[in-house]
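In what follows, a single structure is set out as structure tokens and then discussed.
The values are calculated or read from the model by the stated rules, or taken from the named source; none is laboratory data. Owing to the predicted nature of the structure, the values given are computational and were not obtained by experimental measurement. We place every Cβ from the backbone using ideal geometry, glycine too, and count neighbours over all the protein chains shown. To get the accessible areas, we keep the full protein, side chains included, count just its heavy atoms, and leave off ligands, DNA and RNA. Shrake-Rupley method; radii C 1.70, N 1.55, O 1.52, S 1.80 Å.
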Amino acid sequence: MLVVVGAGPIGALQEAACGGRGSLSVEVRDDSGLVPIPGAAVAVRWSAAEGRPVREAADAEGRLVLCVPPDVQGAVLWAEFGDASSEEAAVALRPGAVTAVELQLLFGASATGRVLGQVRDARNDRPVAAASVSVPGRPEAAQSNSRGYFVLSGLPVGEHELSVRHLGYAPLVQQVAVARGLTTEAMIGLSPDPVELAPLVAVATRSRRLEITGFYERREWGELTGGGEFFTAEDIERRNPMRISHMIADVPGVRLGNCGVQAHGCHLYSTRASAGFSGQGCKLNVYIDGTLVIRGSDERHASEEVPLSILRMSRMTRENETVNDLVLPVEIEGLEVYTGGASLPAEFSGYDARCGAVVITTK
């Protein structure tokens, strides 16, 4: 039900708060019109606005004041609380005036009643959110909102026991009387009751292969120094990337480039160590099971000597070969990404290590 109380001159406080614009003053009550509903949600769709309506919560007296946006001449509004709602109502708005509206929630058949209550901490009087409130013998239970309010509707007329529970508080049973078609208000204070819980122990099994290859030792050092990003097979499985280069490129400081005609053929480049490199930038070395399988940037100082083994390896590797051509995500036991030479462990700081490296351990 909607009751438009009327429109009048805007008050001094509202004028200051709304900057001289009009305001919408809303009161939310039960269907008898006698009991205010604190914490009810009021939804307002301004006539000149598009998209989702504005939603605000009523105060402890069931009231809400909203400033009217410029150039708005009307609004459609309704109220909600739990499974109850009011009728949708349209009102006209006048510039510089306050429009007072009363919304009455429809809780269902008048042959029953309802309980509107608030759960608070008996020690500090603060609202208790997410408390479970139920009536024995009825399957449905209500949960208090962020301000501690709850509503149980459709209760048969007569005496009922409210059972209130919340972790960390002593359970409470409170008697309430429900009248036909009316709302019974209940204030509930829960007493803190510290509960001694069994200790929670998280158990994780380390991969024997990663233990042997030094992955965990490098990860622990990297976490201390902020060098490198580390992923286990479980991390990769949770992410479930189509190609491992996609997951690597999500690491800050890494990008995909030089993709060619095939999307899977992208190479990996460091954006944190690109100074002095032309073209695509600073290409990452790629190691698989300790062997350098993809060389990084070809930019080298004239005096830099390249080991013969590296030269032989490079002749065997196709120039356009990428990490996706060499390993699948499901084949990886551990993945390490270093975006600069300064963070590289000694065992991967060989050939042209300025750009950083991707280190892969297979299963």
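Per-structure values
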item: Residue that is open to solvent by less than 50 Å² (accessible area, probe 1.4 Å), on the phi < 0 side of the Ramachandran plot and out of contact with any His (no Cβ under 9 Å at 6 or more places or on another chain), where the choices are Leu34, Leu24; result: Leu24
item: Verdict on Ala57 being small (Gly, Ala, Ser) and either crowded, with 19+ Cβ neighbours inside 10 Å or modelled with pLDDT of 85 or more (or both); result: yes
item: Members of segment 331-363 found to be touching a residue at least 40 places away in the same chain (Cβ under 8 Å) and assigned to a helix (DSSP H, G or I), listed by number; result: Gly341, Ala342, Ser343, Glu347, Phe348, Ala353, Arg354, Cys355
item: Of all residues in segment 37-54 being part of a loop (DSSP other than H, G, I, E, B) and open to solvent by 70 Å² or more (accessible area, probe 1.4 Å), the one that is modelled with the lowest pLDDT; result: Glu50
item: Answer from Gly296, Gly253 - the residue that is in contact with a helix residue (DSSP H, G or I) (Cβ under 9 Å, 6 or more places away or on another chain) and either surrounded by 15 or more Cβ atoms within 10 Å (Cβ to Cβ) or at pLDDT 65 or above (or both); result: Gly296
item: Only one of Pro156, Pro127, Pro139 that is at pLDDT below 90 and within 31 Å of the chain's Cα centre (by Cα); result: Pro139
item: All positions within segment 334-351 that are surrounded by fewer than 19 Cβ atoms within 10 Å (Cβ to Cβ) and of a type outside the set (Gly, Ala, Ser); result: Pro345, Glu347
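Here is a yes/no grid of residues against (1) within 19 Å of Ala84 (Cα to Cα); (2) without any contact (Cβ under 8 Å) to a residue 60 or more places away in the chain; (3) surrounded by 14 or more Cβ atoms within 10 Å (Cβ to Cβ); (4) of a type in the set (D, E, K, R):
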position: Ser134; (1), (2), (3), (4): yes, yes, yes, no
position: Ala142; (1), (2), (3), (4): yes, no, yes, no
position: Ser153; (1), (2), (3), (4): yes, no, yes, no
position: Val164; (1), (2), (3), (4): no, yes, yes, no
position: Tyr169; (1), (2), (3), (4): no, yes, yes, no
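Listed here are the residues, each with its yes/no results for (1) of a type in the set (Asp, Glu); (2) open to solvent by less than 20 Å² (accessible area, probe 1.4 Å).
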| site | (1), (2) |
| --- | --- |
| Asp71 | yes, no |
| Leu93 | no, yes |
| Val98 | no, no |
| Val101 | no, yes |
| Thr112 | no, no |
